[in-house]
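Please treat every number below as a calculation from the coordinates, not as lab data. Note that the coordinates shown come from a computational prediction; the quantities given were computed from them, not determined experimentally.
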Amino acid sequence: MTADLLKQLEEQHQVPAELIMKLIELELSMEGLSVRRGLLRKMESLLEQDWDADNSHDYRIDSLKKLDSYEKEMSDLKEKYEELA
C-alpha cells in the first residue's frame, strides 16, 4: 500500500520514491524534538544528491519491494499480537 503511494507520487511529481522515503525518514527522526536544529541543512543535503544515477532506478525498485515486504511482515505481526491480547 505505501509502496504504491510512493510510486504514484514519483510518477505525478517526477520525484524519485527513494528521495520521498528519505525525506519522510528524516522528518520522523526529528519528530518530537523541541529543537529541530539542522533539519533544513539535512534536507538540503538530501536534495543535493544525484537522484538520477544510472542504477538509482533499480535501487528504488528494490527499496519499494523491501518496503512492501516490511509492511506485510508488520501486518502479520500485528495480527499475531491481537490474537494474543
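Computed values, structure above
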read-out	value
Extension gain from D68 to L39, taking 0.36 nm per residue of separation minus the Cα-Cα distance	7.7 nm
Karplus-derived HN-Hα couplings along the stretch 17-28 (A = 6.51, B = -1.76, C = 1.60, θ = phi - 60°), whole Hz, x at Gly and Pro	4, 4, 5, 4, 4, 5, 5, 5, 4, 4, 4, 5
